[in-house]
Amino acid sequence: IQSDEAATGTAPEGGGVVRVAVPVPLRRLFDYLPPESGSPPRPGTRVRVPFRGGERIGVVVAVEERSAVDPARLKRVAEVLDTDPLWPDPLFGLLRWAAGYYHHPEGEVFDAALPGALGRGGQPPEPPRLWTLTSEGREVEPASLGRAPRQRALLEALQDGPLSEAELRTIAPNLRGPLDRLAERGWIEARAGSRVAAPAVEPEPGPDLNPHQAAAVERITAAEGFDAFLLEGVTGSGKTEVYFHAIAPVLERGGQVLVLVPEIALTPQLLARFRRRLTPRLAVLHSGLAEGERLAGWEAARSGEAQVVIGTRSAVFTPLARPGLIILDEEHDPSFKQQEGFRYHGRDLALARGAREGVPVVLGTATPSLESLYNAERGRYRRLHLPERAGGADLPQVGLIDMRGVAEDGGLAPALLREVAATVERGEQALLFLNRRGFAPVLLCPGCGWTRECPHCDRPMTFHRGRRLLLCHLCGHHAPVPLQCPEAHCGNPDLQTVGQGVEQVEQALARHLPEARVVRVDRDTTQRKGSLEAKLDAIQSGQAQVIVGTQMVVKGHHFPGVTLVGVVAADGGLYSADFRARERLFQQVLQVAGRAGRAERPGRVWVQTHHPEHALFGPLRAHDYAAFAEMELAERRAALLPPFAPLALLRAEAGTAEAAQAFLEAARDLGREQAGPDGTRFLGPAPAPVERLEGRYRAQLLITAGDRKALHRALAPWAPALEGLRAGRDVRWSLDVDPADL
Ligand code: ADP
Ligand code: ZN
Ligand code: ZN
């Protein structure tokens, strides 16, 4: 049943062959006869098809006259699941193009782009019922419900017009009870219906734009069709205001806007801001949603019911009935890159999508990725600058604390502890950033050198004091903390920790500032639903005096009371094997610095380092991202790294190191043979940075070429040929085009 793209074979009787992308790890399409009755399904619809003794849900990509396969051997489509295509043509085209660009099986691309329930053959939901105020409900003064805050919030929201349950849930989680109570009282009712024609509510006005913001808005709204904008502005410079003003006219014209944000930035505060300022007709899409909610959001976007669709990476695949604008905030954020399965980059697909749908794309950031800067320099993006903080607050001063020979405690230099104490004394807030969970990355026996490594990953397990366990951050394996050295000949009861995590910083603060109220924000302290919100509230209300956090505190939050930021450990990023480490470090420090001094009070940032002479610190102290980027781009150019040379990475993992190695060697030899002397280079194989993960051995092969075209010329025949390599039989492998790290 294999087919070629340009089939010239025999035509079956009764018209047409249905070419289907089936979600299996094979880079080809499959031909089927149309169903017995009815007309052949249209491209972009789902079909149920027989496949290798079972059944699969695939997506029709074309209906052709003839097949390369003898029609007598073709099987029939078992069921057509959709009458209309699931994606408008431009988006469908984008998905097909993306499968080609990433050399990924097309069926798996469609599967990744669909909400899970649809991928399994479910049906898109009916339009959601809408809750509205009854005439009695309109008479009720919400303030009179002061003792039932959730009922009050719901009633207030409904005064602006009908809302679906999914939308109401973004206002008050757990709304079943309050909704029922309001309905029992006869104040609200649910009905089927659509608001597409309903008049828009009057959104809350914002501040007057400053001239830089106004200029940016003007450039964006003047775009006709596709154009790409790189909106550069430090945290607090008013980028979000620019988004609002660019979005409003699109909504007025009846268009929809897709807003993509990093995983961590999708906070209730951000949603509330969008709702107040633009529209309550908001669909939210992220991986944490229950399946039904996700499907409802997807359908609201597709039907045009939702005016603004906000989501993380995978929301880039959401169909829009009337696309008008795409915004991607924090465009440099690594979370836009999908790191498993279909390994796409959300930013790159957002741009390709804008080009196909003919709508402008705005990339906003304080610290552009070097790729985007390079594209802007080459004139592919229009640059928009917001050079100063809205409201005129000064950028915080950045200073270094030389850690050489310093008697640190819990990772904190005495100088930093003094600064924190003085800040708390003044009634202001301090924020300490350390991107390491747990108490210490290593537990060590000083007697014999024993450390506890993960039995599956060969990496030290992190000591979590609060949870009383050792945890592997790579695979999640955990083990109890030994009371003494487990080596039989040793048994030393005095185990020591090496290095620091946020838990240890928190403890050091408790020792030195016993009166201060410290809040720790990391994955371990925010697992319970609502706990992150509670912590953010404590910070915003000024209850918390010192905040200790991982990257969870870096992004998206407004902490106006913070006037001191401490970067506890910067050294890891200075001399890393990862070619993006310095870029990330610079971005993170500027971003966390952006938390400081947002209000009237100027902020101060201290960076602890053992390498104060490092070239990165000059530009960092001057907040000069452009100077840093220039330096870093020069190094990338010299080393032939992105954005100057395109890369792809073939990753393999197997039960033994030899099997992974052998597969990659066979792949390399095949690639060299296929590519010939056209400049594509296959480098390796080499062990992966994490050589063993969950008990499997990992290695990788790097592919690079003089330009993107040459790279794709080499990958196109190679990727499908890898599927047939004998050495690959017991190997799990994946191809990563434009990998985030090597
Ligand atoms: P960013 O998205 O760049 O971090 P925001 O748009 O969130 O910046 O703006 C930061 C703060 O400054 C917000 O409280 C916002 O309301 C305020 N702000 C933005 N633009 C203006 C302006 N032109 N005048 C006054 N305040 C502004
Ligand atoms: Zn020991
Ligand atoms: Zn592990």
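No lab work stands behind these numbers, since they all come straight from the coordinates. Just so you know, these numbers come straight off a predicted model, no measurement behind them. Note that we place each Cβ from the backbone using ideal geometry, even for glycine, and neighbour counts take in every protein chain shown.
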Report task. Report the label-to-label distance for ARG426 and GLU202 in nanometres (one decimal), using points 7 Å from each Cα along the Cα→Cβ vector. Result -> 4.2
Query - Beta bridges by DSSP in the chain, antiparallel share as percent, to the nearest 5 - result: 55
Requested in this report: First check a/c for the stretch 621-742, with a ≥ b ≥ c the square roots of the eigenvalues of its C-alpha gyration tensor; if it is under 1.5, answer rounded, and if not, answer prolate when a/b is larger than b/c or oblate otherwise.
Outcome: oblate
Requested in this report: Count neighbours as other Cβ atoms within 10 Å of each site's Cβ, and list the trypsin sites (Lys or Arg not before Pro) in the stretch 226-306 that are DSSP loop with at most 12 such neighbours.
Outcome: ARG253
Report task. State the percent of C-alpha pairs, over all pairs in the chain, separated by a distance greater than 39 angstrom. Result -> 44
Query raised in the report: So which GluC sites (Glu not before Pro) in the stretch 587-690 end up in coil per DSSP with only 15 or fewer other C-beta atoms within 10 Å?
Result: GLU600, GLU613
**Report entry** For the stretch 563-686, radius of gyration divided by Kirkwood radius, i.e. Rg to Rh on alpha-carbons
**Finding:** 1.15
Query raised in the report: Using +1 on the beta carbon of Lys and Arg, -1 on that of Asp and Glu, and nothing else charged, what's the dipole of the chain about the Cα centre, debye to 20?
Result: 620
Report task. If a/c stays under 1.5 just call it rounded; otherwise compare a/b with b/c (prolate if a/b is bigger, oblate if not). Do that for the stretch 72-225, with a ≥ b ≥ c from the square roots of the Cα gyration tensor eigenvalues. Result -> oblate
Report task. Label the stretch 430-511 by shape, choosing from rounded, prolate and oblate, from the square roots a ≥ b ≥ c of the eigenvalues of the Cα gyration tensor; if a/c is under 1.5 it is rounded, and otherwise prolate applies when a/b is larger than b/c, oblate when it is not. Result -> oblate
Query raised in the report: Which far-off residues, 5 or more places away or on another chain, put their amide H under 5 Å from the one on ARG520, with H placed in the peptide plane?
Result: VAL548
Query - the stretch 686-742 - Rg and Dmax from Cα coordinates, angstrom - result: 13.0, 37
Query raised in the report: Mind listing P(r) for the stretch 513-574? All alpha-carbon pairs, 5 Å bins, whole percents.
Result: 4, 15, 28, 25, 16, 8, 3, 0
Report task. Find the cysteines in the chain that fail to meet the 4.7 Å Cβ criterion with every other cysteine, and list them. Result -> CYS475
Report summary line: A correct fewest-to-most ranking of VAL498, VAL250 by other Cβ atoms within 10 Å would be VAL498, VAL250
**Report entry** DSSP-loop trypsin sites (Lys or Arg not before Pro) across the stretch 679-742, with at most 14 other Cβ within 10 angstrom
**Finding:** ARG729
